[in-house]
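Asker: Quick one: the structure is below, questions incoming.
The values are calculated or read from the model by the stated rules, or taken from the named source; none is laboratory data. Everything numeric here is computed off the predicted structure, so don't read it as measured data. Here the Cβ is made from the backbone with ideal geometry for all residues, glycine too, and neighbour counts use every protein chain on show.
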Amino acid sequence: MACLELENVSVEFPVYDARAKSLKSSLLAIGSGGRLGQDAKRHVTVRALKQLSFSLRDGDRLGLIGHNGAGKTTLLRVLSGVYEPCRGRVVRQGRVASLIDITFGMSWDNTGWENILICGLHQGLDRRMLRDRAEEIAAFTGLGDFLHMPVRTYSSGMYFRLAFAISTCIEPEILLMDEWISAGDASFVEKVEERLSGFVSRSSILVLASHDLGLLRRMCNKALLLDQGRIVAQGPIEQVLEAYEGKAAA
């Protein structure tokens, strides 16, 4: 059974080139709505997340809502393990797939085939699984002989094809997404939509950050509203969207 749990999780980023007593720091603190603070050595710290707690189980589809800078992407990176909280506890149970940055781990100097193998290992596939998946990934890209060429020779569309095929090659139990992926050349869009929809439906838990409220209504059964790194509402999707839309109208 897959699960994700956060208990009083906080994330802070120190800013080492600005002292907390400076006039600049004081003005920044005022302008940021109080999201800047001081650590024990009196460095300026950016408080990205503040005491977040929630839990997800099989079948949960959580939408992350909030304006730019509210903490959605930071939270996704905490859930994926990229960021470690400075306080609190994160529990992950199940295979995690992150579509926050589908190009993560890819090398411009390696060939397409080499990127398939290296990135596949990074995602947790063993060599036997890679042998089974590599041909399928290659076929999905439609890149043919270009897979023997360094990625630096690819067009942006070719690069996207390869990155997307690799990032969706595993069967996730926990899927993390920062906006719905809809890029790519016109001939590839339909394949992306079909593959991504199946990828989402087979996951046990989905966490999706998006500004598209219609998408969140279609994909999610729960939502969490963030503001300046704090949870201001969480619960059923319609209840939280109502709170968000009411806050925006105020």
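Asker: Mind counting the residues in region 232-246 that are in a strand (DSSP E or B) and either on the phi < 0 side of the Ramachandran plot or of a type in the set (D, E, K, R) (or both)?
Answerer: Going through region 232-246, the residues in a strand (DSSP E or B) turn out to be 232-236.
With the extra rule that they be either on the phi < 0 side of the Ramachandran plot or of a type in the set (D, E, K, R) (or both), the set shrinks to 232-234, 236.
Within region 232-246, residues that are in a strand (DSSP E or B) and either on the phi < 0 side of the Ramachandran plot or of a type in the set (D, E, K, R) (or both) number 4.
Asker: Return the total of residues in region 175-194 being surrounded by 12 or more Cβ atoms within 10 Å (Cβ to Cβ) and either over 27 Å from Arg57 (Cβ atoms) or not assigned by TED's automatic domain parsing to the domain that holds Thr141 (or both).
Answerer: Within region 175-194, residues that are surrounded by 12 or more Cβ atoms within 10 Å (Cβ to Cβ) and either over 27 Å from Arg57 (Cβ atoms) or not assigned by TED's automatic domain parsing to the domain that holds Thr141 (or both) number 8.
Asker: Test of understanding: among Leu36, Leu27, which residue is buried (at least 20 other Cβ atoms within 10 Å of the Cβ) and modelled with pLDDT under 95?
Answerer: Residue meeting the stated conditions: Leu36.
Asker: Quick check on region 47-102: of everything there that is of a type in the set (Ser, Thr, Tyr) and touching a helix residue (DSSP H, G or I) at 6+ places or on another chain (Cβ under 7 Å), which residue is nearest to Gly214 (Cα to Cα)? Talk me through it step by step, then tell me what you get.
Answerer: We begin by selecting, within region 47-102, every residue of a type in the set (Ser, Thr, Tyr); these are 53, 55, 73-74, 80, 83, 98.
Add one more test, that the residue is touching a helix residue (DSSP H, G or I) at 6+ places or on another chain (Cβ under 7 Å), and what stays is 83, 98.
Values: Tyr83: 29, Ser98: 22 Å.
Looking at the filtered set, the residue picked out is Ser98.
Asker: Checking the conditions here, which among Leu76, Leu4 is more than 30 Å from Thr141 (Cβ to Cβ), within 15 Å of the chain's Cα centre (by Cα) and at pLDDT 95 or above?
Answerer: Numbers: Leu76 fails: more than 30 Å from Thr141 (Cβ to Cβ).
Answer to the selection: Leu4.
Asker: Taking region 209-237 on its own, how many of its residues are more than 17 Å from Asp60 (Cα to Cα) and within 16 Å of the chain's Cα centre (by Cα)?
Answerer: 4
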